[in-house]
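Data block below; observations after.
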Ligand code: C2E
Ligand code: MG
Ligand code: MG
Ligand code: MG
């Protein structure tokens, strides 16, 4: 940690500093005011049913329109937000915005409106006020809890303390569902699958989209994906594959019985207006 901070400070004065460390600095000084100034926004990415390509849900993915650096993706600032604690107000803002958006779509399109997936940071999960926050957001936006799925990573649920386990159980009692994000990339002590009320696994995009090296790697890679799909189904969970970039990926996953897919092939993260177009298309039976 000290080494990391030291390195961060050093790069500030290093003429050779790379773009990444510049943004790290710019990120941490600007972040405290960015929320108040409305610089964050949310893109939504489709999660589609593989059997017919229909829109099942959308995942809320936060972005930051930085005044000097342009649009930054979450990988460039979520880490800093976690370190500085800003993830708490930011996470709350994302939940509020996204639940409000999802509720608005339900009002306009009824059952054709997609469900909503929202990412939870480790730190949010450890926070005592999480359940109350989510309950309040659901009430104020009027979103049916059954339409909300929270994504947590394997590392967040590794040996969860009693408190986070209690919180996750309360959320499930409220009707919210849980998905394990980036499944297969953590230190997989799979015992958590026995202890947690999880509904869904999301297979990490790297398993699918990185399958381009050698023939052997491809064969084994697809067998791993097949195994993960079977594991999910054996446990009675639904399974979503991430990083689905082309028709070949989609077809293989469909034939394996994978339930849902997310990736560029089914739609990039997009502005709400794009999602509305998708909903309308599904209405007229085009998709
Ligand atoms: P994630 O939850 O696994 O989200 C999926 C990421 O994969 C997104 O990156 C998405 O743009 C990218 N992606 C989707 N389809 C494809 C594809 O076909 N190919 C490839 N190569 N990539 C694809 P993004 O938007 O940069 O988000 C990165 C991560 O940041 C997310 O990973 C999530 O862990 C985190 N994140 C995003 N929004 C939030 C948030 O509101 N709160 C928290 N705590 N974390 C967030
Ligand atoms: Mg996610
Ligand atoms: Mg993921
Ligand atoms: Mg990820």
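All of the numbers you see were taken from the coordinates with simple rules; none came from a lab. This structure is a prediction, so every number in the text was calculated from the model and none was measured. Positions of Cβ are generated from backbone atoms using ideal geometry, with glycine treated the same way; all protein chains shown enter the neighbour counts.
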- Residue check, residue 89 under 30 Å from residue 257 (Cβ atoms) and either within 16 Å of ligand 4 (Cβ to nearest atom) or not in a loop (DSSP other than H, G, I, E, B) (or both): no
- Task: Report yes if residue 132 is in contact (Cβ under 8 Å) with a residue 24 or more places away in the chain, more than 16 Å from ligand 3 (Cβ to nearest atom) and at negative phi, otherwise no.
- Result: no
- Task: Mind counting the residues in the range 116-139 that are surrounded by 15 or more Cβ atoms within 10 Å (Cβ to Cβ) and either more than 16 Å from ligand 2 (Cβ to nearest atom) or over 13 Å from the mean Cα position of the chain (by Cα) (or both)?
- Result: 11
- Failed criterion for residue 233 (all others in (1) buried (at least 17 other Cβ atoms within 10 Å of the Cβ); (2) in contact with a strand residue (DSSP E or B) (Cβ under 8 Å, 6 or more places away or on another chain) hold): (1)
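List the helices (runs of 4 or more DSSP H) inside the range 170-251, counting only whole elements, that have at least 2 residues being more than 16 Å from ligand 3 (Cβ to nearest atom) and out of contact with any helix residue (DSSP H, G or I) (no Cβ under 7 Å at 6 or more places or on another chain).
Details: elements: 192-195, 205-209, 215-234.
Answer list for the range 170-251: 192-195, 215-234.
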- Task: Would you point out the residue of the range 29-56, among those that are surrounded by 15 or more Cβ atoms within 10 Å (Cβ to Cβ) and out of contact with any strand residue (DSSP E or B) (no Cβ under 7 Å at 6 or more places or on another chain), that is nearest to residue 201 (Cα to Cα)?
- Result: 53
- Task: Could you look through the range 61-79, keep only residues that are in contact (Cβ under 8 Å) with a residue 40 or more places away in the chain and assigned to a loop (DSSP other than H, G, I, E, B), and pick out the one that is nearest to ligand 1 (Cβ to nearest atom)?
- Result: 77
- Message: Looking at (1) loosely packed, with under 12 Cβ neighbours inside 10 Å; (2) farther than 30 Å from residue 110 by Cα, which one does residue 273 not meet, given that it meets all the others?
- Response: (2)
- Note on the range 45-60: residues in contact with a helix residue (DSSP H, G or I) (Cβ under 7 Å, 6 or more places away or on another chain), closer than 18 Å to residue 110 by Cα and assigned to a strand (DSSP E or B) are 46, 55, 58
- Message: So, in the range 140-161, exactly how many residues are buried (at least 21 other Cβ atoms within 10 Å of the Cβ), closer than 12 Å to residue 196 by Cβ and over 14 Å from the mean Cα position of the chain (by Cα)?
- Response: 1
- Quick count over the range 80-97, residues being closer than 22 Å to residue 139 by Cα, more than 16 Å from ligand 3 (Cβ to nearest atom) and either in contact (Cβ under 8 Å) with a residue 40 or more places away in the chain or surrounded by fewer than 18 Cβ atoms within 10 Å (Cβ to Cβ) (or both), is 7
